[in-house]
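The values are calculated or read from the model by the stated rules, or taken from the named source; none is laboratory data. As the structure is a computational prediction, the values presented were derived from the model and not from experiment. Reconstructed Cβ throughout: ideal geometry from the backbone, glycine too, with neighbour counts over all protein chains shown. Each accessible area value is taken on the protein alone, full model and side chains, heavy atoms only, with ligands, DNA and RNA left out. Shrake-Rupley method; radii C 1.70, N 1.55, O 1.52, S 1.80 Å.
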Amino acid sequence: MSKPVRIFCALLALVIGGLATTALRPGESPGTRPESGDKTLAPYFVVLSEDPDKDALPLKSTHADVKIAGVVAEVKITQVYRNAGKKNLEAIYVFPMSTRAAVHAMRMTIGERVVEAEIMERQKARETYEGAKKEGKTTSLLEQRRPNVFQMNVANILPGDEIKVELQYLELLQPEDNVYEFAYPAVVGPRYTTKSAAGAAEADKWVQNPYLHQGEAPPYTFGLNVELTSGVPIAKLSSPSHEVEIKYTGKTAARITLKDEKTAGNKDFVLRYALAGGKIDTGLMLYPGPDDNFFLLMMEPPARVRPEAVLPREYIFIVDVSGSMHGFPLDTAKALMQNIIKDLKPQDFLNVLLFESGSAILSPSGSLPASAANKEKALAFMQARPGGGGTNIVPALAQALALPRTPGISRIVTVVTDGYVDVEPQVFQLIRDNLGAANLFAFGIGSSVNRHLIEGMARAGQGETFVVLNQAEAARQAEKFRKYIANPVLTDIRVSYEGFSAFDVEPETVPDLFALRPLAILGKYRGNAAGAIVVRGKTAQGAFERRLDLKEAQAGPDNAALRLLWARQRIRGLVDFSQFDRDNQEVKKEVTALGLKYSLMTPFTSFVAVDKVKRADGQMVTVKQPLPMPEGVSDLAIGKSIMPSVMATPMPSRPGNLGELALGRKLKAGHGGGPVAPESGMKLTIKSVRAEGGLTPAAVQVALDAELAKLLRCCEEAGKRGVKLPAEITLTFAIGLDGKITGEPQVKLSTPEPSLETCLAAALKGLAFPPPRKTAALATVTLSLSGT
């Protein structure tokens with residue numbers, strides 16, 4: 001296939017794959033994406049150019065070497081960049097990292113020269129990098145975009161060069177139900193955003209990144225080695241995410257490697273292990289440092305006690321049904337919800353809110369009793385949604401948290417999403433300000449979820465985090481959730497220090513302990529380590545108290561990691577809910593000081609490495625490294641579909657501002673809001689549109705046409721269930737001043753079918769229209785379904 005044909009095919013796939021923002025403007029090269037001029041910071045699909053230097057993608061490989069000893073994981077990441085073209089390159093690579101990572105070192109290797117990076121205030125580091133770049137010196141810059149998203153820039157990669165960049169981080173591991181889990185994120189999923197590219201903050205520009213289409217393998221290799229050592233024998237060891245080779249070097253040590261490094265980089269690596277006899281590392285660790293002294297308390301939780309009777313609860317389920325959830329993630333979410341909802345007791349209450357660009361609520365007036373009929377209604381309500389549209393999580397959360405409370409009943413809020421948004425701080429603050437006395441549990445769905453959002457929501461909501469990698473884990477995670485909410489392990493936790501001068505303790509307040517994981521507290525102390533730490537709280541059996549004598553603590557230089565782990569925990573506590581509040585100068589000052597003192601990556605400090613040798617003239621081509629779409633995520637994760645132009649013939653308007661539009665446009669299965677589906681033979685035709693109240697029929701038609709595939713999918717799903725489909729569908733709905741449908745849409749079928757009516761009404765609720773000129777607009781649309 002010739003290159004022009006390949007380019008044409010790539011562009012054609014782009015249109016079919018579904019991204020309006022990838023359309024090229026006159027004179028714009030398809031090889032790169034401009035940083036300004038686009039409407040939003042949306043991610044986009046990579047398009048090959050005519051320039052071989054731009055097509056020579058610079059990232060050759062990324063490799064992680066992991067050493068796990070006790071409760072600390074030490075990780076070294078090696079990224080290799082190479083220039084296979086003929087022009088000088090600058091590479092930009094966005095990659096993920098653990099939300100708990102304390103990134104403390106970076107170095108760059110050019111041939112035989114090794115350059116140790118320096119930690120600097122963020123702006124100074126950027127200026128140092130840009131200066132070296134212009135001077136023709138090879139230089140690299142590591143910046144934190146989010147606590148779990150980092151960006152590497154490497155400039156002046158000469159033709160034939162291989163540049164190696166290494167970074168190191170530490171992470172604290174905490175077992176749950178006696179099982180340890182180490183997770184290494186491998187790819188950053190595309191983020192839904194409505195932010196404008198013009199004048200965008202530097203910290204947000206990473207969102208505008210190129211992606212490969214679903215199913216395409218990463219253009220670089222991804223390798224990982226884990227060396228696991230323990231003080232007691234290893235009982236169980238497995239990876240639920242990847243195929244691995246495990247070699248035991250003894251009863252207490254093992255080495256784990258990936259079987260396939262070519263395709264492994266499109267999902268998070270997860271390793272789980274348990275120790276013989278259900279042992280976990282608990283106790284006190286001390287590090288008497290030259291300047292400060294640090295301690296870590298890991299206290300084993302009390303045993304879970306099954307209560308005699310579980311109090312009734314009100315469950316609010318907030319489920320993401322956006323484009324990135326289409327297919328495998330949403331199927332997994334539906335399986336999870338089915339497992340949770342089926343176990344609700346008759347005395348419980350439930351409500352469901354589904355969100356994408358808009359939202360739909362099962363019962364806007366309040367939660368429903370968890371009867372068999374209402375549980376079936378809730379599941380049918382969600383099953384009808386195929387996944388499509390944007391991810392407007394903030395208004396959806398606000399709407400759900402404002403739902404009327406069921407008097408005298410404890411509320412449990414559950415959010416189910418992949419987290420592919422860029423509004424984490426707003427979400428955290430919204431939960432803190434509006435959750436009230438409820439607890440919030442966050443389920444991350446998919447192979448590479450945004451753990452920063454998932455974990456942050458649970459912390460803000462005083463709940464727990466669950467990550468469901470695939471459908472096979474849905475039942476297990478649902479059972480864990482049921483145990484957690486049935487009875488917390490420990491509540492009203494208070495920690496006191498007797499004869500022990502502790503300060504700067506993290507976290508400052510300890511939330512209720514739902515999971516069977518150790519209570520972890522990091523802090524500093526003055527003077528000698530004497531006295532005791534006392535933990536008090538309440539269990540289902542009554543009062544709880546445990547004393548840990550400092551005489552039994554393990555102290556020594558081997559615990560030096562505590563200073564970095566404490567600093568990382570302190571930074572997270574400061575920035576969790578204010579990291580993008582740029583007016584909070586006190587937080588910025590304190591976080592910057594901590595980053596510089598402990599040589600740590602933060603939102604306000606960065607690593608920069610500069611080679612002393614001038615190697616080029618400073619002229620180069622900048623290439624953004626395209627990322628693979630996370631495994632199981634469809635192309636719908638990036639924007640809306642490009643729809644063919646609509647041919648419309650307006651009819652004469654009628655008295656009272658009543659208009660009618662006769663249309664002859666047909667939509668085949670799979671076009672529009674979704675990827676090309678197997679041809680079902682069904683066709684949906686918009687026969688007529690009537691509108692009154694200051695909104696033209698053409699405006700209603702254009703908005704409806706852009707989402708018509710969702711209505712067609714309702715019909716396709718009903719057909720698969722053996723439902724006799726109607727020949728004609730009439731939709732009547734009111735549009736408020738905000739352009740959203742108000743109240744419940746009315747669906748009339750030539751052949752009545754309740755389940756199809758529910759699906760069509762739910763699909764309509766997510767639509768957005770131009771705001772009407774009057775108080776409200778009323779629209780009636782007639783559709784014709786054929787080929788059934």
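Values computed for the structure shown
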| item | result |
| --- | --- |
| Amide H partners (placed H, <5 Å) of Ser410, local residues excluded | Glu314 |
| Calculated [θ] (222 nm, deg cm²/dmol) that DSSP helices of n ≥ 4 give over the chain, each run adding -39,500 (n - 2.57) | -6500 deg cm²/dmol |
| Karplus (6.51, -1.76, 1.60) ³J(HN,Hα), θ = phi - 60°, over segment 533-538, in Hz, Gly and Pro reported as x | 10, 10, 10, 10, x, 10 |
| Pairs beyond 29 Å (Cα-Cα), from Lys76/Lys137; Lys375/Lys710; Lys267/Lys589 | Lys267/Lys589 |
| Whole-Hz couplings from phi, Karplus 6.51/-1.76/1.60, listed for segment 585-591; x for Gly and Pro | 5, 5, 5, 4, 5, 5, 5 |
| Using alpha-carbon coordinates, inclination of helix 708-720 to the longest axis of the chain, degrees | 90 |
| Degrees, to the nearest 10: 328-341 long Cα axis against longest axis of the chain | 80 |
| Unit charges at the beta carbon, dipole of segment 516-607: most positive-side option, Val535, Leu564, Val591 | Val535 |
| Those lysines that a straight Cα-Cα span of less than 17 Å connects to Lys134, excepting residues fewer than 8 apart in one chain | Lys87, Lys124, Lys612, Lys614 |
| Peptides 313-324, 337-348 ordered by average Cβ neighbours within 10 Å, highest first | 313-324, 337-348 |
| Segments 79-88, 508-517 sorted - mean Cβ within 10 Å per residue, highest first | 79-88, 508-517 |
| Backbone HN-Hα couplings from phi across segment 315-325 [Karplus 6.51/-1.76/1.60, Hz, Gly and Pro as x] | 10, 10, 9, 10, 10, 7, 10, 6, x, 5, 8 |
| Dimensionless Rg/Rh of segment 427-493 - Kirkwood Rh, Rg from C-alpha atoms | 0.99 |
| Packing-based ranking, highest mean first, of 276-282, 132-138 given that Cβ atoms within 10 Å are counted | 132-138, 276-282 |
| Inter-label distance for Glu127 and Ser750, nm, one decimal - labels placed 7 Å from Cα along Cα-to-Cβ | 7.2 |
| Stokes-Einstein diffusion coefficient of segment 331-430, Kirkwood radius over Cα pairs, 4 °C, 1.567 mPa s, in µm²/s | 89 |
| Label corresponding to Rg/Rh (Cα atoms, Kirkwood Rh) when calculated from the structure given, among [x] 1.01; [y] 1.07; [z] 0.98 | [z] |
| Principal-axis tilt of helix 474-486 within the chain, Cα atoms, nearest 10 degrees | 70 |
| Percent antiparallel among DSSP beta bridges (both partners in the chain, rounded to 5) | 80 |
| Projected label distance in nm at Arg432 and Lys683, using a 7 Å step from Cα toward the beta-carbon | 5.6 |
| Interchain or long-range residues, amide H under 5 Å from Gly289's placed H | Phe294 |
| Rounded accessible area per residue of the chain, 1.4 Å, Å² | 40 |
| Surface share of carbon and sulfur [accessible, 1.4 angstrom probe, percent] for segment 481-563 | 44 |
| Carbon and sulfur %, accessible surface of segment 294-336 computed with the full protein complex present, 1.4 Å | 56 |
| Reachable aspartates and glutamates from Lys597, criterion Cα separation under 15 angstrom, eight or more residues apart if same chain | Glu118, Glu121, Asp291, Asp292 |
| Cα-centred dipole magnitude for the chain, charges only on beta-carbon of K, R (+1) and D, E (-1), debye, nearest 20 | 940 |
